[in-house]
Amino acid sequence: MNVLVIGNGGREHAILQALRKSKKVDRLYCMKGNAGTAQIAENVNVDYMNIEAVKKYAEEHPEIDYYVVAPDDPLALGLVDELESMGKRCFGPRKNAAIIEASKAYAKSLMKKYNIPTAESETFDNYEAALDYIRRKGAPIVLKADGLALGKGVLVCDTLKQAEEGLKEIMLDKTFGAAGNVIVIEECMRGLKYTPGEEVSVLAFTDGKTIVPMITACDHKRANDGDKGLNTGGMGTFSPCPFWTKELEEEVLNKIMIPTMNALNAEGRTFKGCLYFGLMRTDKGMKVVEYNSRFGDPETQVVLPMLKTDLMEIFEAVTDERLSDIKIEWENGACVCVVLASGGYPLSYNKGKEIKIGDIGDCTIVHAGTAIKDGKLVTNGGRVLGVVAKGTNIENARRKAYAAVENIKWENMHYRKDIGIKYREG
């Protein structure tokens with residue numbers, strides 16, 4: 001089969017690396033891709049946010065047998081619907097199901113209606129009403145822009161002043177554009193140990209009839225060591241989650257995952273693809289922090305390297321609604337990804353810095369914001385590379401990853417030095 005993956009970041013490179021192992025895949029393509037995807041796939045220079053341009057490409061290239069729509073924005077625009085209307089086979093939810101990520105207000109209303117455990121919240125489209133609510137509730141409190149905001153539309157406010165300023169940024173200053181026209185304000189859930197280690201990402205394959213959780217991952221969202229600094233798209237991940245147990249998996253499957261799949265079916269929004277559950281372990285059990293309608297980034301970078309089953313077989317089973325026929329198996333051990341970013345990320349940063357990569361041992365490099373300029377590998381985004389290491393446990397894997405990081409250089413490179421370190425004890 002010839003398979004085209006849509007997207008240009010680390011997630012897409014990680015998906016391509018997994019598909020490359022498939023016996024079912026002949027040629028790989030990536031739209032638009034980056035310098036890393038170009039090493040294993042043919043990059044296609046088409047703007048995937050231009051639906052008509054993608055459809056034109058699909059018409060002109062009947063040799064493409066299968067499309068993987070990986071990022072949130074084209075899913076929310078309905079790219080899968082459009083490709084399927086042309087008779088193309090796809091992995092990814094249709095527009096009416098992708099709303100579970102595209103609108104946080106919709107996701108919260110769905111959870112309320114079907115009693116899926118999550119933080120208490122209210123939704124507002126009026127600034128004054130939202131401000132009054134914040135002042136009544138006090139801090140800590142969480143503000144979420146309703147729409148898609150590149151993973152940065154969530155503000156965790158520890159003080160009332162922060163909350164008031166954050167509300168102004170989202171609803172009046174439009175920091176996240178139209179995504180902030182509506183805002184979800186929710187209680188600040190705290191984990192049992194009051195640490196970020198109480199959050200866990202669980203991605204799941206689903207064909208709308210069956211839902212199968214993947215191995216767990218933990219993300220580090222803040223830009224700096226010690227979970228300080230601004231929220232980012234993710235500065236590193238590790239898998240598996242140290243506190244995860246079979247009992248927790250059963251709880252999440254029966255109280256959150258299956259009810260979410262059934263709720264979407266009941267609403268006429270059957271979800272086929274990868275459904276991402278951002279979860280928090282609290283004193284009242286596991287609760288949903290957020291949903292994503294696709295593979296997480298950088299969670300994918302530590303989950304897919306541990307997959308033993310052929311990814312293309314899973315994708316086709318989801319498309320054909322026969323996921324229950326597939327046995328999905330995983331490697332033992334652990335995986336760690338350290339994200340290397342441009343200095344200044346997630347705010348302003350320079351591009352075009354030459355990247356030098358030395359000996360990385362048995363680690364894998366996942367490209368995110370890279371390009372080739374004048375024959376040289378250069379930075380081309382905020383998150384630039386992910387260094388992925390597998391090991392017998394998290395500590396072993398993180399040592400390997402950081403040893404490799406020492407041999408990668410560019411001007412003003414920034415990364416966290418504590419990925420996975422505080423979770424040694426689980």
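If only one of S109, S103 is crowded, with 20+ Cβ neighbours inside 10 Å and either among the hydrophobic types (A, V, I, L, M, F, W, C) or closer than 30 Å to C188 by Cα (or both), which one is it? Walk me through how you get there before you give the answer.
On the way: S109 fails: crowded, with 20+ Cβ neighbours inside 10 Å.
Going through S109, S103 in turn, just one is crowded, with 20+ Cβ neighbours inside 10 Å and either among the hydrophobic types (A, V, I, L, M, F, W, C) or closer than 30 Å to C188 by Cα (or both): S103.
When you check T392 against the structure, is it hydroxyl-bearing (S, T, Y), buried (at least 20 other Cβ atoms within 10 Å of the Cβ) and at pLDDT 95 or above, yes or no? Walk me through it before giving the result.
Working: hydroxyl-bearing (S, T, Y): yes; buried (at least 20 other Cβ atoms within 10 Å of the Cβ): no; at pLDDT 95 or above: yes.
No: the conditions fail for T392.
Residue by residue, here is whether (1) open to solvent by 10 Å² or more (accessible area, probe 1.4 Å); (2) in contact with a His (Cβ under 9 Å, 6 or more places away or on another chain); (3) in contact (Cβ under 8 Å) with a residue 12 or more places away in the chain; (4) closer than 21 Å to E101 by Cβ holds:
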position	(1), (2), (3), (4)
M214	no, no, yes, yes
H220	no, no, yes, yes
D227	yes, yes, yes, no
F243	yes, no, yes, no
E247	yes, no, no, no
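In the list K24, K32, which residue meets the criterion of being farther than 16 Å from A368 by Cα and in contact (Cβ under 8 Å) with a residue 24 or more places away in the chain?
Every option except K24 fails the conditions.
Given V156, V184, V142, which one is surrounded by 14 or more Cβ atoms within 10 Å (Cβ to Cβ) and either touching a helix residue (DSSP H, G or I) at 6+ places or on another chain (Cβ under 7 Å) or in a helix (DSSP H, G or I) (or both)?
Values: V156 fails: either touching a helix residue (DSSP H, G or I) at 6+ places or on another chain (Cβ under 7 Å) or in a helix (DSSP H, G or I) (or both); V142 fails: either touching a helix residue (DSSP H, G or I) at 6+ places or on another chain (Cβ under 7 Å) or in a helix (DSSP H, G or I) (or both).
Testing whether each residue is surrounded by 14 or more Cβ atoms within 10 Å (Cβ to Cβ) and either touching a helix residue (DSSP H, G or I) at 6+ places or on another chain (Cβ under 7 Å) or in a helix (DSSP H, G or I) (or both) leaves just V184.
So S201 fits all but one of (1) assigned to a helix (DSSP H, G or I); (2) surrounded by 21 or more Cβ atoms within 10 Å (Cβ to Cβ); (3) small (G, A, S); what number is the exception?
(1)
Under the condition of being among the β-branched types (V, I, T) and touching a helix residue (DSSP H, G or I) at 6+ places or on another chain (Cβ under 8 Å), which residue from segment 279-336 is surrounded by the fewest Cβ atoms within 10 Å (Cβ to Cβ)?
T282
Between E101, E82, E63, which is of a type outside the set (A, V, I, L, M) and without any contact (Cβ under 8 Å) to a residue 40 or more places away in the chain?
E82
Restricting attention to segment 241-278, which residues are at pLDDT 95 or above and either outside any helix (DSSP H, G or I) or aromatic (F, W, Y) (or both)?
Within segment 241-278, E267, G268, R269, T270, F271, K272, G273, C274, L275, Y276, F277, G278 qualify.
Which residue pairs have Cβ atoms under 8 Å apart, sit 6 or more places apart or on different chains, and have a first residue in segment 352-366 that is within 19 Å of H13 (Cα to Cα) and a second that is assigned to a loop (DSSP other than H, G, I, E, B) and open to solvent by 40 Å² or more (accessible area, probe 1.4 Å)?
I357/N407; I360/N407
Output the residue which, of all residues in segment 340-366 that are part of a strand (DSSP E or B) and open to solvent by 10 Å² or more (accessible area, probe 1.4 Å), is nearest to N34 (Cα to Cα). Break it down stepwise before answering.
Looking only at segment 340-366, we keep the residues that are part of a strand (DSSP E or B), and these are 340-342, 354, 356-357, 364-366.
Now drop any that are not open to solvent by 10 Å² or more (accessible area, probe 1.4 Å), which leaves 354, 356-357, 364-365.
On the way: E354: 15, K356: 16, I357: 16, T364: 16, I365: 13 Å.
In this case the residue turns out to be I365.
Quick one: count up the residues across segment 112-124 that are open to solvent by 60 Å² or more (accessible area, probe 1.4 Å) and in contact with a helix residue (DSSP H, G or I) (Cβ under 9 Å, 6 or more places away or on another chain).
Number satisfying all stated conditions: 5.
Looking only at residues in segment 288-329 that are part of a strand (DSSP E or B) and closer than 17 Å to F277 by Cβ, which one is nearest to the chain's Cα centre (by Cα)? Show your work before the answer.
To start, the set of residues in segment 288-329 that are part of a strand (DSSP E or B) comprises 288-292, 307.
Now drop any that are not closer than 17 Å to F277 by Cβ, which leaves 288-292.
Details: V288: 15, V289: 13, E290: 11, Y291: 10, N292: 7 Å.
This residue is N292.
State the number of residues belonging to segment 30-75 that are within 20 Å of the chain's Cα centre (by Cα) and surrounded by 19 or more Cβ atoms within 10 Å (Cβ to Cβ).
Residues that pass the stated criteria total 15.
The values are calculated or read from the model by the stated rules, or taken from the named source; none is laboratory data. All values derive from a computational prediction rather than experimental measurement. Counting neighbours? That spans all protein chains shown, and the Cβs are built from the backbone with ideal geometry, glycine included. Ligands, DNA and RNA are excluded from the accessible area calculation, which covers all protein heavy atoms including side chains. Shrake-Rupley method; radii C 1.70, N 1.55, O 1.52, S 1.80 Å.
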